[in-house]
1. Before we move on, is A192 surrounded by 15 or more Cβ atoms within 10 Å (Cβ to Cβ), on the phi < 0 side of the Ramachandran plot and either among the aromatic types (F, W, Y) or without any contact (Cβ under 8 Å) to a residue 40 or more places away in the chain (or both)?
2. Please go through (1) assigned to a helix (DSSP H, G or I); (2) hydroxyl-bearing (S, T, Y); (3) at pLDDT 90 or above for T316 and return the number of the only condition it doesn't satisfy.
3. Please go through (1) out of contact with any Leu (no Cβ under 6 Å at 6 or more places or on another chain); (2) of a type in the set (A, V, I, L, M, F, W, C); (3) surrounded by 18 or more Cβ atoms within 10 Å (Cβ to Cβ); (4) more than 30 Å from P149 (Cα to Cα) for W292 and return the number of the only condition it doesn't satisfy.
4. Just to be sure, is T170 closer than 26 Å to I66 by Cα and without any contact (Cβ under 8 Å) to a residue 24 or more places away in the chain?
5. Hey, does region 125-133 have a residue that's exposed (fewer than 14 other Cβ atoms within 10 Å of the Cβ), of a type in the set (D, E, K, R) and out of contact with any strand residue (DSSP E or B) (no Cβ under 6 Å at 6 or more places or on another chain)?
6. Could you list, in sequence order, the residues of region 141-153 that are in contact with a helix residue (DSSP H, G or I) (Cβ under 8 Å, 6 or more places away or on another chain), surrounded by fewer than 19 Cβ atoms within 10 Å (Cβ to Cβ) and either among the acidic types (D, E) or not in a loop (DSSP other than H, G, I, E, B) (or both)?
7. Can you tell me which residue is modelled with the highest pLDDT among those in region 154-170 that are out of contact with any helix residue (DSSP H, G or I) (no Cβ under 7 Å at 6 or more places or on another chain) and not in a helix (DSSP H, G or I)?
Amino acid sequence: MERGRTVKSLLRRTAPFMSLILMAVLLSILSPYFLSVDNLLAIGLQMSVVAIMAVGQMMVIISAGIDLSVGSILGLSGMAVTLLLTSGVGIVPAIAIGLLLGFLLGALAGGLIAYGHLPPFIATLGIMGIARGAALLLTGGVPVFGLPPSFNFLGGGRLFNVLPLPVLFTIVIAVAGHFVLTRLPFGRHIFAIGSNETAARLSGIHVNNMLIKIYAINGLLCAFAGIVLASRLSSGQPTAGTGYELDVIAACVIGGASLTGGEGTILGAMIGAMIMGVLRNGCNLLNISPFWQQIAIGAIIIFAVLSDQYRKHRRTRS
């Protein structure tokens with residue numbers, strides 16, 4: 001019996017990775033261009049923004065929360081930085097202000113949840129509307145162009161003329177996030193809150209302060225992702241990040257996160273983001289309509305959550 005449970009647990013943990021491998025093998029057979037170096041780097045570049053945000057979102061989901069404002073914070077931070085740059089502000093101060101803006105919006109969402117006792121869904125939905133409205137209001141919905149070439153290097157540069165910098169940023173942030181969740185008390189407290197918030201409070205964890213920090217970190221990462229995207233596009237787009245909340249949540253859920261909290265890994269989030277990137281890239285290579293991509297992503301999310309709920313239901317019955 002114990003051996004059977006161990007095998008099932010191993011299969012569940014490795015299912016996202018095996019799905020990624022299966023998709024890669026299938027696409028390499030269907031398209032001769034899939035395994036080319038340029039195409040693989042393109043996949044990494046395309047998924048980097050979602051993957052960066054997925055690190056913060058994974059922490060939020062592990063704490064039994066959800067953040068719907070990620071795409072809007074991305075858009076607002078990118079717009080703020082590009083507006084500052086075109087106004088003559090230096091690159092470093094502009095980026096610092098953009099990061100601070102995302103951090104404060106995340107902290108506000110966390111404060112509303114912790115001290116305002118709002119459900120995460122409602123608090124972050126409100127922040128999503130505020131941030132998106134502010135991004136559109138700042139420029140009247142008009143994109144911002146004329147950014148300095150040195151800023152464009154952040155999203156368009158390559159390490160040793162090979163590895164895109166956004167991919168490098170993703171790797172560094174993922175490693176740092178994994179270290180925080182697995183090696184630091186902060187990470188253990190996140191799991192404790194997601195598993196049982198009442199027990200976490202009784203054990204001496206300052207849950208309210210932790211929630212503010214978790215959402216603030218998520219907001220900071222969304223802001224950084226927005227800055228990288230603005231640099232990659234060489235412009236500030238007020239609608240940038242629209243719909244990204246679906247992709248980010250999907251990456252975490254596909255990667256093994258439980259929406260009831262207490263479960264998830266940064267590696268899983270990265271695999272989930274890669275599955276999303278490979279799926280979209282494969283559809284493009286095979287000339288499949290992008291509308292089918294959305295249908296496939298929605299179906300995958302439903303299947304992943306159903307599997308998680310079924311497993312929890314069986315565990316409760318046993």
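1. Numbers: surrounded by 15 or more Cβ atoms within 10 Å (Cβ to Cβ): yes; on the phi < 0 side of the Ramachandran plot: yes; either among the aromatic types (F, W, Y) or without any contact (Cβ under 8 Å) to a residue 40 or more places away in the chain (or both): yes.
Answer is yes for this residue.
2. (3)
3. Answer for W292: the failing condition is (3).
4. Values: closer than 26 Å to I66 by Cα: yes; without any contact (Cβ under 8 Å) to a residue 24 or more places away in the chain: no.
Here the answer is no, as T170 does not meet what is asked.
5. Filtering region 125-133 for residues exposed (fewer than 14 other Cβ atoms within 10 Å of the Cβ) gives 129, 133.
When the remaining residues are screened for being of a type in the set (D, E, K, R), the result is none.
For region 125-133, residues exposed (fewer than 14 other Cβ atoms within 10 Å of the Cβ), of a type in the set (D, E, K, R) and out of contact with any strand residue (DSSP E or B) (no Cβ under 6 Å at 6 or more places or on another chain): absent.
6. Result: S150, N152, F153.
7. Looking only at region 154-170, we keep the residues that are out of contact with any helix residue (DSSP H, G or I) (no Cβ under 7 Å at 6 or more places or on another chain), and these are 160-163, 168.
Filter again for not in a helix (DSSP H, G or I), leaving 160-163.
Working: F160: 86, N161: 86, V162: 87, L163: 92.
Going through the qualifying residues, I end up with L163.
The values are calculated or read from the model by the stated rules, or taken from the named source; none is laboratory data. Everything numeric here is computed off the predicted structure, so don't read it as measured data. Positions of Cβ are backbone-derived with ideal geometry, glycine not excepted, and every protein chain shown enters the neighbour counts.
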